[in-house]
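Student: Structure in structure tokens, see below.
The values are calculated or read from the model by the stated rules, or taken from the named source; none is laboratory data. Everything quoted here is computed from the prediction, not taken from an experiment. A quick note on method: Cβ atoms are made from the backbone with ideal geometry, for glycine too, and the neighbour counts reach across all protein chains shown. Heads up: the accessible areas ignore ligands, DNA and RNA and are worked out on the full protein's heavy atoms, side chains in. Shrake-Rupley method; radii C 1.70, N 1.55, O 1.52, S 1.80 Å.
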Amino acid sequence: MSDDKSDDKSDDKSELSKGYEPAEVEPKWYQFWLEQGIFEASVDPADKREPYTITLPPPNVTGSLHMGHALGDTIEDVLIRHKRMQGYNVLWQPGIDHAGIATQLVVERQLAREGKSRHDLGRAKFVERVWEWKAQSGGRIAEQMKVLGASADWKRSKFTMDPELQVAVREAFVRLHGEGLIYRATRLINWCTDCRTALSDVEVENEEANGELYEFAYPVLHADAGAGATELVVATTRPETMLGDTAVAVHPDDPRYQHLHGKKLKHPFLDREIPIITDAILVDMAFGTGAVKVTPGHDFNDFATGKRHQLEEINILSLDGKLNERCAQFQGLTIKQARSAVKKAIAEAGLERGSKAHKLQLPRCTRSNTVVEPIISTQWFVDMKPLAEPALAAVREKRTEIIPAEWEKTYEHFLTNIQDWCISRQLWWGHQIPAFHCADCGHITVTREEHPSACEKCQKANLTQDPDVLDTWFSSGLWPFSTLGWPNKTPELERFYPTSDMETGYDILFFWVARMMMMGLHFMGEVPFKRVLLHGMVVDETGDKMGKLKGNTLDPLDLIYGAEFSTIVQKTMPDAPVDEALAKFRKAYPSSAQMGKGFSPSGADALRFTLCSYSPQAKRIALSPARVDGYRKFCNKIYNATRFSLGYLEGETVTAEGATPLPKLLLNRWILSRLSAAVEASTRGIDAYRLDDGSGALYHFFWDEFCAWFVEMCKPVFLHGTEPEKAETRQVLAHALEAALRALHPYAPFITEDLWQRIPRPASRPASIALAPYPTALDGRVDPDAERDMAVLMAAISAARSVRSEHEIAPSDGIKLELRVADPKLRALLEEQGRFIAFLVRTEGAPAVMNVGGERPKGAVLTVAGEVDVLVNLRGLVDAHKEKERVERKLKKLQKDLEVMEKRLSNANFIKNAPPEVVVEANAQKHSLEREQVNLSQSLKWVEELKE
RNA sequence: GGGCGCAUAACUCAGCGGUAGAGUGCGUCCUUCACACGGACGAAGUCGCAGGUUCAAUCCCUGCUGCGCCCACCA
């Protein structure tokens, strides 16, 4: 609503407008930081600052900034900016991941729109095309991170497919191969028929689905009619795989099937005899019919069974998921078609024996969501056990600490049960495997050379490179050292490895963190990072996972720049009717109801502050737009408090290095004491990975202490104080504000820079607040006396205000206030602070201060505020009947509290066993309650007086 | 089948062995010269249920209920 006149963002000297407008401030300062080079790490040998390093989890080159990124980037940036201000040589290493499958799919989709497939282009042209695409759209997410304020060292940004990183990948592969830890084998692997590639175990997600348990009979060959058993009924969730069956297994002890041991079955559709085998591992007598069809070619259990019994492994699928030539009349059908066709054929053959509903786990590809098929295939694998051992030990020995610690168990469980890692992918986009097949002798040469000239065994030159590429996560696993120049011994590697903190979402603990641990320990001999900080998943306000299908995704940029809800839903649910989409959105974000037509532009700082304010140990972070709005208002508060201060700071220069003032006035001593506590809490919070505590301490300090009390108390000084008082207060105001801005800077970098630059200060200052020292307790001055005195003052003022408000005294009505206290020191204090009390309570003149006891003035209401009795004279201002009711209600409540307190204090065991300070505290509370009671009883008399 | 986590104010969440906190929302009053993106004051919770330990339990222990996640080859 503010009619905004200021449109010139360039002129610092311009009048500050009434409200904070992030859009006018943020881009300008980011540009400034880049120009000043403040994000850049140093490898200068003369630079002796201690290093602090975070490697950014490289976002996918296909990605754009989502809430999860915003959360992680914000947390990391807070850590980085904090350490930078503390004088560390900070490296925040950014980069982008080539994201094999994801990227290939994007470009293939693009080709499809042109009516082409990658095969039309051929491998080389296709890869070229991907690079083109990357050049065009691959830099988007970095630009979005800049909007957020991320202070990464962009000049060092890396891409996992950069030439030097390709060198690192080849080096790692060749070494592991040489050590026998990478090998090639033919075994059952997960195959995505849509992506047409092998997958690793972690890329498969099991999803519960409703299926059926279908029963059918295999006829027994040469059945002994006398024994009556002419068939064996098996139960399966996948009838179509019977085309690949090479045995049926029963439990050796199952009495039902003893007579069938050693017999054979006739395959109804294929010319194949199927042996009946006994296997106690595979078969659970109680499940199904107790007879299991065995398909070694398409089931992990059956594969293992097949190995135990030397069964033939028949592959019935081609790579696109259709049935192959081994399937007779079913050849060419998709799996889904085959399932019904096979069932129909079984029924027609009279072999169907029933079915029932059954819940099962369907393995799906994390990329395409296609059902993954186990098929037998020749792939490259990493032997994980020898790598996992050191990674386990490092965490057990706390060389790397995982925070929150409960994830250690998960990590431990994963690494102790780890299977070998299938690292080859049948894609074109990625690091091609440095293995060369010899057409002459069949030997495979694994080498660092890009184009080896001869087979290492037969020396002939007939070599073809293995067409497969490596799993994206293979190169990601090397990231903490490959980005620093490994395998070369670079100054960067020397200085910044091991890195300090690894901050990422818990969802990639297995995919990435565990692998970096293994690779780092193996190749560098040292852990890749000293702490792993895991954050939760950002979900919608009701706790549901964000997803395009659900239409509940929230774009960080929409909160930063502001957006109408109708625009947002058109983006997230382009195909749904607007009303329907809006309803979905509002349901996912109930607090949006109080926000009119859309989000106000909150700015990056507000979003950052919001993200910091959530507890990092929560697994789910239910993002509330209303909360963002709350921090938007906080930014406005910071802005306006500074605007107020600047009005009084003419000529006052502040420097962070300057001595902390040594003021005399209570308000000044107090705010410096609170400042100490707040900045200390902030650093403690950040160091302990509790940004919610750190940011919360500063929020509370700034709003509830600096603004609500200190700034308000500055006013009477500036209006009516003596010159020395004014000078002292001006100095403390400038000092506290400047320190507060520095303390807030890691959380809210833009607004703090903008305002800090406006505070008059000497020429020796750093160019940017980002380079100024982070405040410590010494920027303030711990003063327990001031805190105690101020607490008395605040309690008295609050009590008096409360009386005003409860009795609905108009602000224009000045009241007469009398304060009574037994302690002469406190009397002196209240006397001395009279002008502040008068200003904040709005009384007629300074309050009268006296000893306790004596007659209560007629018409005065009495309230207890700690040791102080607060008497407010309301004669002629209130209604007696209403007052009586109010007093009686209060008395009732008080009596209840007092009973509880008395019971507690009369408990002999409590007196005997509780710590003394608890008893003292309880006595004090009781005493206070009793005084309140006496006063309230008096108030009943007071009501009578009012009636007179 | 294992493992982990969560249940606290209308909503989203902190917290803690000593008679419950924040933000938003809600109510009353106020356009007081930084800020109505504001101020003052206030209402609001049997801290999921049932036991146990303790002088004291929302917090620790046990069981139960309800959610959520991860891992796992029951066909």
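Student: Can you find even one residue in the range A:688-705 that is under 20 Å from residue A:642 (Cβ atoms), among the basic types (Lys, Arg) and either more than 14 Å from RNA strand B (Cβ to nearest atom) or open to solvent by 30 Å² or more (accessible area, probe 1.4 Å) (or both)?
Tutor: No, that holds for no residue.
Student: Has the range A:275-288 got at least one residue that is buried (at least 16 other Cβ atoms within 10 Å of the Cβ), outside any helix (DSSP H, G or I) and away from RNA strand B (no atom under 15 Å from the Cβ)?
Tutor: Yes, there is a match, as at least one residue in the range A:275-288 is buried (at least 16 other Cβ atoms within 10 Å of the Cβ), outside any helix (DSSP H, G or I) and away from RNA strand B (no atom under 15 Å from the Cβ).
Student: Now a separate question. Those residues that are among the acidic types (Asp, Glu) and within 9 Å of RNA strand B (Cβ to nearest atom), I need them from the range A:780-810; list them, please.
Tutor: Within the range A:780-810, A:806, A:808 qualify.
Residue-wise test of (1) small (Gly, Ala, Ser); (2) modelled with pLDDT of 85 or more; (3) open to solvent by less than 90 Å² (accessible area, probe 1.4 Å); (4) out of contact with any strand residue (DSSP E or B) (no Cβ under 6 Å at 6 or more places or on another chain).
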{"position": "A:868", "(1), (2), (3), (4)": "no, yes, yes, no"}
{"position": "A:887", "(1), (2), (3), (4)": "no, no, yes, yes"}
{"position": "A:894", "(1), (2), (3), (4)": "no, no, yes, yes"}
{"position": "A:900", "(1), (2), (3), (4)": "no, no, no, yes"}
{"position": "A:905", "(1), (2), (3), (4)": "no, yes, yes, yes"}
{"position": "A:922", "(1), (2), (3), (4)": "yes, yes, yes, yes"}
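Student: A further question on this structure: Residue A:560 - would you say it is more than 16 Å from RNA strand B (Cβ to nearest atom), at negative phi and not in a loop (DSSP other than H, G, I, E, B)?
Tutor: Answer is no for this residue.
Student: Regarding residue A:152, is this residue in contact with a strand residue (DSSP E or B) (Cβ under 8 Å, 6 or more places away or on another chain), away from RNA strand B (no atom under 16 Å from the Cβ) and under 26 Å from residue A:93 (Cα atoms)?
Tutor: The answer is yes for residue A:152.
Student: Under 8 Å between Cβ atoms, at least 6 apart or on separate chains: pull out the pairs that start in the range A:335-358 with a residue that is of a type in the set (D, E, K, R) and end on any residue that is part of a helix (DSSP H, G or I).
Tutor: If the second residue must be part of a helix (DSSP H, G or I), the pairs left are A:339/A:239; A:339/A:240; A:343/A:239; A:352/A:343; A:352/A:346.
Student: Residue A:735: at pLDDT below 95, under 35 Å from the mean Cα position of the chain (by Cα) and surrounded by 24 or more Cβ atoms within 10 Å (Cβ to Cβ), yes or no?
Tutor: yes
Student: Since residue A:543 meets every condition but one in (1) modelled with pLDDT of 90 or more; (2) within 16 Å of the chain's Cα centre (by Cα), which condition does it not meet?
Tutor: Unmet condition: (1).
Student: Still on this model: Filter the range A:795-818 for residues that are in a loop (DSSP other than H, G, I, E, B) and in contact with a strand residue (DSSP E or B) (Cβ under 8 Å, 6 or more places away or on another chain); which is surrounded by the fewest Cβ atoms within 10 Å (Cβ to Cβ)?
Tutor: Filtering first and then ranking leaves A:814.
Student: Given the options A:415, A:470, name the one that is within 24 Å of residue A:514 (Cβ to Cβ), within 43 Å of the chain's Cα centre (by Cα), at pLDDT below 95 and not β-branched (Val, Ile, Thr).
Tutor: Just a single option satisfies the conditions, and that option is A:415.
Student: To continue, here is another question. Can you run down the residue pairs with Cβ atoms below 6 Å, 6 or more apart or on separate chains, where the first is in the range A:890-908 and over 18 Å from residue A:932 (Cα atoms) and within 10 Å of RNA strand B (Cβ to nearest atom) and the partner is open to solvent by less than 80 Å² (accessible area, probe 1.4 Å) and not aromatic (Phe, Trp, Tyr)?
Tutor: Close Cβ pairs satisfying both conditions: none exist.
Student: Sort out which residues of the range A:623-649 are within 6 Å of RNA strand B (Cβ to nearest atom), in a helix (DSSP H, G or I) and under 30 Å from residue A:538 (Cα atoms), and write them in order of number.
Tutor: A:626, A:627, A:630, A:632, A:633, A:636, A:637 - these are the residues of the range A:623-649 that are within 6 Å of RNA strand B (Cβ to nearest atom), in a helix (DSSP H, G or I) and under 30 Å from residue A:538 (Cα atoms).
Student: I've got another one for you. Looking at the range A:107-187, what helices (runs of 4 or more DSSP H) fall wholly within it and have at least 1 residues that are closer than 28 Å to residue A:37 by Cβ?
Tutor: In the range A:107-187, A:123-137, A:140-148, A:163-178 are the helices (runs of 4 or more DSSP H) which contain 1 or more residues that are closer than 28 Å to residue A:37 by Cβ.
Student: Residues to consider are A:118, A:156, A:140, A:196; find the one that is of a type in the set (D, E, K, R) and over 33 Å from the mean Cα position of the chain (by Cα).
Tutor: Of A:118, A:156, A:140, A:196, the one residue that is of a type in the set (D, E, K, R) and over 33 Å from the mean Cα position of the chain (by Cα) is A:118.
Student: Quick test for you: out of A:526, A:503, pick the one residue that is in contact with a Leu (Cβ under 7 Å, 6 or more places away or on another chain) and more than 15 Å from RNA strand B (Cβ to nearest atom).
Tutor: Going through A:526, A:503 in turn, the sole match is A:503.
Student: Could you list, in sequence order, the residues of the range A:169-206 that are among the small types (Gly, Ala, Ser), in contact with a Phe, Trp or Tyr (Cβ under 8 Å, 6 or more places away or on another chain) and open to solvent by 10 Å² or more (accessible area, probe 1.4 Å)?
Tutor: Listed by number, the list holds a single entry, A:185.
Student: Out of (1) surrounded by 13 or more Cβ atoms within 10 Å (Cβ to Cβ); (2) within 30 Å of residue A:875 (Cβ to Cβ); (3) free of Cβ contacts under 8 Å to residues at least 12 places away in the same chain, the odd one out for residue A:941 is which?
Tutor: (1)
Student: On the given criteria, is residue A:681 within 11 Å of RNA strand B (Cβ to nearest atom), out of contact with any strand residue (DSSP E or B) (no Cβ under 8 Å at 6 or more places or on another chain), in a helix (DSSP H, G or I) and open to solvent by 10 Å² or more (accessible area, probe 1.4 Å)?
Tutor: The answer is no for residue A:681.
Student: Something else: Which condition from (1) closer than 22 Å to residue A:204 by Cβ; (2) touching a residue at least 24 places away in the same chain (Cβ under 8 Å) is the one that residue A:549 breaks?
Tutor: Only one criterion in (1) closer than 22 Å to residue A:204 by Cβ; (2) touching a residue at least 24 places away in the same chain (Cβ under 8 Å) is unmet by residue A:549, namely (2).
Student: Tell me which residues, restricted to the range A:380-410, are in contact with a Gly (Cβ under 8 Å, 6 or more places away or on another chain) and surrounded by 17 or more Cβ atoms within 10 Å (Cβ to Cβ).
Tutor: None; the set is empty.
Student: Among the residues of the range A:537-558, which ones are surrounded by fewer than 21 Cβ atoms within 10 Å (Cβ to Cβ) and farther than 11 Å from residue A:67 by Cα?
Tutor: The answer is A:541, A:542, A:543, A:544, A:545, A:547, A:548, A:549, A:550.
Student: Find the residue count for the range A:715-764, including only residues that are over 29 Å from residue A:605 (Cα atoms) and not in a helix (DSSP H, G or I).
Tutor: The number of residues fulfilling the criteria is 2.
Student: Go through the range A:411-427 and count every residue that is open to solvent by less than 50 Å² (accessible area, probe 1.4 Å) and over 22 Å from residue A:500 (Cα atoms).
Tutor: 11
Student: When residues of the range A:403-462 are filtered for being more than 16 Å from RNA strand B (Cβ to nearest atom), hydroxyl-bearing (Ser, Thr, Tyr) and farther than 19 Å from residue A:473 by Cβ, how many remain?
Tutor: Within the range A:403-462, residues that are more than 16 Å from RNA strand B (Cβ to nearest atom), hydroxyl-bearing (Ser, Thr, Tyr) and farther than 19 Å from residue A:473 by Cβ number 3.
Student: Suppose we filter A:245, A:302 for residues that are surrounded by 20 or more Cβ atoms within 10 Å (Cβ to Cβ), within 8 Å of RNA strand B (Cβ to nearest atom) and more than 18 Å from residue A:354 (Cα to Cα); which single one remains?
Tutor: A:302
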